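A.B. asks: This is the structure I have questions about; it appears just below.
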Amino acid sequence: MLKSPLFEDANIEVFMKRDDLNHPEIQGNKWHKLKFNLEQAKLQNKTTLLTFGGAYSNHIAATAAAAKLYGFSSMGFIRGDELQNTPSKWSHTLKTAHLNGMQLHFLSRTDYRLKSQLNFQHQLQQSYPDAWIIPEGGSNDLAIAGLQTLATEIDQQCPNWTHLITAVGTGATLSGLVRHLKMNSAQTVLGVATLGSGDFLKTDICRWIQNDNDWVAEKNPKNWAFLNLENPIRYGKITPEIELTQQQFRAEFDIVLDPIYTAKMVLGFYEALSKNRFPPNSKIILLHTGGLQGLQTLTSDPF
Ligand SMILES: Cc1ncc(COP(=O)(O)O)c(C=O)c1O
């Protein structure tokens, strides 16, 4: 539980679910999203994990670490071919992934956009038949299934929560939680989008959530919504507001936040609190999804 006069004044309880502590190397939501992918890859006798991401992708770092730990080779298709011949400019994420044995292939931004097209995927699978292909962010149906454990932990550790707040990239983490949490109509999962307003993710999120035999859209009490920042922050941009959020949260609670996901989530929470969006007696869980690996080389503007 996080104790603060601000929360007492608002008559709310605030908790942080420290999922960043769930695995030493494959932190936070990454472990939940990858674990069934690793299992399937083994079952299908695949020897390589192949995936996609940007130069600062936590998913790239996590996949490389998981491959090393669980006996796979790994291959990362990275956005930005300008990095091809300039390893000195690689981010800490790319350097660590490479040290963990990941073969890095750099794609132009145009080619990178093709990655989710069926044709491209098919060709890739033919070129690398031994590879288990994982989409960007690790977000697939197995990732959704993997979030069951986290949902169960939350249900058990803090059953009467009213609001659960998480950062949103692809929306898979939010979807997996909404899908697996035992929710009632008094509970809402709020997602702070890190890329635009997140509206473009609604189709994926609805598909991932509804992909459940007993889900009846109109009758289901499972509420979720986006919690948008007052002033949208471009993906990956580290503004003074984000830095201040990180500093103040660390000073008050001794908890480190990453600037791209968890600090944005916490900023979204404080903005909503300042607008009295949480009724008295609310029990709010802030989900720490990890992402701390990238802190080491992030500068004020990584792009
Ligand atoms: C630390 C962290 N938190 C949250 C997210 C968002 O997860 P999702 O893509 O499942 O929405 C990510 C994305 O990869 C992440 O790295």
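A.B. asks: Closer than 30 Å to Met75 by Cβ, within 15 Å of the ligand (Cβ to nearest atom) and of a type in the set (D, E, K, R), is that true of Asp111?
C.D. replies: Against the criterion (closer than 30 Å to Met75 by Cβ, within 15 Å of the ligand (Cβ to nearest atom) and of a type in the set (D, E, K, R)), Asp111 does not qualify.
A.B. asks: Arg234 is checked against (1) outside any helix (DSSP H, G or I); (2) surrounded by 13 or more Cβ atoms within 10 Å (Cβ to Cβ) and fails just one. What number does that condition carry?
C.D. replies: Looking at each condition in turn, Arg234 falls short on (2).
A.B. asks: Please work out which residue is nearest to the ligand (Cβ to nearest atom), limiting yourself to the range 125-144 and to residues that are under 20 Å from Ala55 (Cβ atoms) and in a helix (DSSP H, G or I).
C.D. replies: Restricting to residues being under 20 Å from Ala55 (Cβ atoms) and in a helix (DSSP H, G or I), the top hit is Gly137.
A.B. asks: Follow-up. Just the residues that are at pLDDT below 90 and part of a loop (DSSP other than H, G, I, E, B), please, taken from the range 199-227.
C.D. replies: Hits for the range 199-227 are Asn211, Asp212, Asn213, Asp214, Trp215, Val216, Ala217, Glu218, Lys219, Asn220, Pro221, Lys222.
A.B. asks: Does Thr239 meet the test of being among the polar types (S, T, N, Q), touching a helix residue (DSSP H, G or I) at 6+ places or on another chain (Cβ under 9 Å) and modelled with pLDDT of 90 or more?
C.D. replies: No: the conditions fail for Thr239.
A.B. asks: May I ask you to verify whether Gly171 is near the ligand (Cβ under 10 Å from one of its atoms), in the same structural domain as Ser74 (by TED's automatic domain parsing) and crowded, with 21+ Cβ neighbours inside 10 Å?
C.D. replies: Considered against the rule, which asks whether it is near the ligand (Cβ under 10 Å from one of its atoms), in the same structural domain as Ser74 (by TED's automatic domain parsing) and crowded, with 21+ Cβ neighbours inside 10 Å, Gly171 comes out as no.
A.B. asks: If I filter the range 41-54 down to residues being outside any loop (DSSP other than H, G, I, E, B) and over 21 Å from the mean Cα position of the chain (by Cα), which single residue comes out as nearest to Leu174 (Cα to Cα)?
C.D. replies: Ala41
A.B. asks: Would you be able to tell me the number of residues in the range 9-35 that are assigned to a helix (DSSP H, G or I) and within 16 Å of the chain's Cα centre (by Cα)?
C.D. replies: Residues in the range 9-35 being assigned to a helix (DSSP H, G or I) and within 16 Å of the chain's Cα centre (by Cα): 10 in total.
A.B. asks: Within the range 145-168, can you find the residues that are farther than 30 Å from Leu107 by Cβ and within 14 Å of the ligand (Cβ to nearest atom)?
C.D. replies: Across the range 145-168, the qualifying residues are Leu150, Ala151, Leu164, Ile165.
A.B. asks: Taking the residues in the range 174-194 that are more than 9 Å from the ligand (Cβ to nearest atom) and assigned to a loop (DSSP other than H, G, I, E, B) as candidates, determine which candidate is nearest to Glu230 (Cα to Cα).
C.D. replies: The qualifying residue nearest to Glu230 (Cα to Cα) is Gln187.
A.B. asks: Can you work out which of the residues in the range 237-266 that are farther than 19 Å from Thr170 by Cα and within 16 Å of the ligand (Cβ to nearest atom) is surrounded by the fewest Cβ atoms within 10 Å (Cβ to Cβ)?
C.D. replies: Filtering the range 237-266 for residues that are farther than 19 Å from Thr170 by Cα and within 16 Å of the ligand (Cβ to nearest atom), the one surrounded by the fewest Cβ atoms within 10 Å (Cβ to Cβ) comes out as Val256.
Residue-wise test of (1) within 16 Å of the ligand (Cβ to nearest atom); (2) part of a strand (DSSP E or B).
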residue: Tyr56; (1), (2): yes, no
residue: Ala62; (1), (2): yes, no
residue: Ala66; (1), (2): yes, no
residue: Met75; (1), (2): no, yes
residue: Ile78; (1), (2): yes, yes
residue: Ser88; (1), (2): no, no
residue: Thr93; (1), (2): yes, no
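The values are calculated or read from the model by the stated rules, or taken from the named source; none is laboratory data. Just so it is clear, the model here is predicted, and its values are computed rather than measured. Heads up, the Cβs are rebuilt from the backbone with ideal geometry, glycines too, and the neighbour counts pull from every protein chain shown.
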